Amino acid sequence: MQKNSSSVMAASAGRALGLSFRRASASLVAAAIVLVLAGCGIGDYVPWPGSTGGGRPAPARRPSIPAPSSPPEYRLSPAPAEWSALRGAEAALLAGRLSASSQSLASFADLDAPLRHSLEYLSRMNAGAPALVQPGGSLSYGQLRQSVEELRALLPRLDAEPGLLSERFVWYELAPDPLLTGYYSPVMEASLERQPGYEYPLYAPPTDLAARQGEYSRRAVDSGRVLQGRGLELAWLRNPADVFLLQTEGGGALRLPDGSLRGVHFAGTNGLPFKGLGKILLDAGALPKERLNREDIRAWCAANPARALELMAENRSYIFFRFTTAASEGSLGKPLTPLVSLATDPSLLPLGAVAVLQAPLSAKDGAGALRGIVLAQDVGADMRGARIDLYLGSGERAERLEANLRTHATLHLLVSKSALRARP
């Protein structure tokens, strides 16, 4: 996706994301006091590993989730992102408001399979290596793994005892509030062979992509046909807009003429700048603003394929694919879970991390507010800084949610208190 869930690791989130440990005067004595209190279940938080202070608790906030404005005008904040520890009472209040049903889960126990996927990834990483580096210290992959293990053990009790999340975990709040968008798995009509009605190729990455990224611009591929005759066509689609949409979402499913489905997923990018198709068509006067919806865009591109390809070349970015067994595979090499899996900037929220997300979704679709446990299981080429992308699933409802989801959210990183005290 250009949210594209990919192996492309995002750049640093700018100035220190840090947890803002500024109480150097308290020194190790204050840290020891906080550790003792936390161990007794009284302290509000446990210091970040390597820091010399107790951390700065986040300011009190209302737990309510505001409804989106109309029309929504949400932008990525230019301010540097920081994590700050919540007071225990605030974390307990937020934990009590969590709802598995807001994520279309029957129970928090349904998180076991996606947590297992995260655990498999974290188990392959060097336990002592830093997963998230901050000015006050770092969080290791071993601490992330211990946090996932502890959460899995608590799952059978969480529906009845959500307060366990505030007792066992430190809640670090991200400020400013991140920009939340969504992505989904579209299903496109396709053929594995070129035939009448299927004229627009989906390509696997060329072997020299890393050395010649700039030579594979969209114009070079679509108009210059620099990949023609190299056997890289995975499939052929009906509409040039369908190729563009799959590239924007980073993957999906192909419905073949016999009715079978094949998953496709991001396999590489030319690394060139991305520009959305809606903006391209609007700037060119091809469609008015009120018709920049997926159906009208697809219809216009189907009626004007040559002009569509010409305009699409203004988006120099080009995404390449590979076949997968699932339509929703993320950067961990595992299926994504709707309303649970996040694509993130790993320098902000590393792969494998556990977090709590609170955000309005879409009242139009009856989705209400999401208040749940989410997992960093994907990354994307345009995931930079305080931006998170929620996987929404597949189907018409997911498509509608994706079209309307652009809002500010509240995000808390959950880290096991035991893991922080152990400081592996």
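The values are calculated or read from the model by the stated rules, or taken from the named source; none is laboratory data. The structure presented is a predicted model; accordingly, all values stated were derived computationally and were not measured. Positions of Cβ are generated from backbone atoms using ideal geometry, with glycine treated the same way; all protein chains shown enter the neighbour counts. All accessible areas refer to the heavy atoms of the entire protein, side chains included, with ligands and DNA or RNA removed. Shrake-Rupley method; radii C 1.70, N 1.55, O 1.52, S 1.80 Å.
For region 254-286, filtering for residues that are under 23 Å from the mean Cα position of the chain (by Cα), farther than 19 Å from Pro201 by Cβ and outside any helix (DSSP H, G or I) leaves 5.
Summed over region 199-217, residues that are in contact with an Asp or Glu (Cβ under 8 Å, 6 or more places away or on another chain) and not hydrophobic (A, V, I, L, M, F, W, C) total 3. Listed here are the strands (runs of 3 or more DSSP E) enclosed by region 303-363 that have at least 3 residues being open to solvent by less than 20 Å² (accessible area, probe 1.4 Å), over 30 Å from Ala127 (Cα atoms) and at pLDDT 90 or above: 319-324.
Residue count for region 105-130 satisfying the condition of being at pLDDT 95 or above and not in a loop (DSSP other than H, G, I, E, B): 16. Filter region 234-250 down to the residues that are within 19 Å of Met312 (Cα to Cα) and outside any helix (DSSP H, G or I) and list them by number. Answer for region 234-250, where residues must be within 19 Å of Met312 (Cα to Cα) and outside any helix (DSSP H, G or I): Trp236, Leu237, Arg238, Asn239, Gly250.
Taken as a whole, the structure leaves Leu392 outside the set of residues that are crowded, with 22+ Cβ neighbours inside 10 Å and either in a loop (DSSP other than H, G, I, E, B) or modelled with pLDDT of 95 or more (or both). Among the residues of region 169-218, those identified as surrounded by fewer than 20 Cβ atoms within 10 Å (Cβ to Cβ) and either part of a helix (DSSP H, G or I) or charged (D, E, K, R) (or both) are Asp177, Glu189, Glu193, Arg194, Glu199, Asp208, Arg212, Gln213, Gly214, Glu215.
Could you grab the pairs with beta carbons closer than 6 Å, sequence gap of 6+ or different chains, first residue in region 94-118 and aromatic (Phe, Trp, Tyr), second one open to solvent by 40 Å² or more (accessible area, probe 1.4 Å)? From region 94-118, the pairs are Phe108/Asp159.
Within region 113-150, the set of residues being surrounded by 15 or more Cβ atoms within 10 Å (Cβ to Cβ) and within 28 Å of Gly368 (Cα to Cα) comprises Pro114, Leu115, His117, Ser118, Val148. In region 283-299, the residues that are under 20 Å from Ala313 (Cα atoms) never reach a residue that is open to solvent by less than 90 Å² (accessible area, probe 1.4 Å) and hydroxyl-bearing (Ser, Thr, Tyr) with C-beta atoms less than 7 angstrom apart, at least six apart or across chains.
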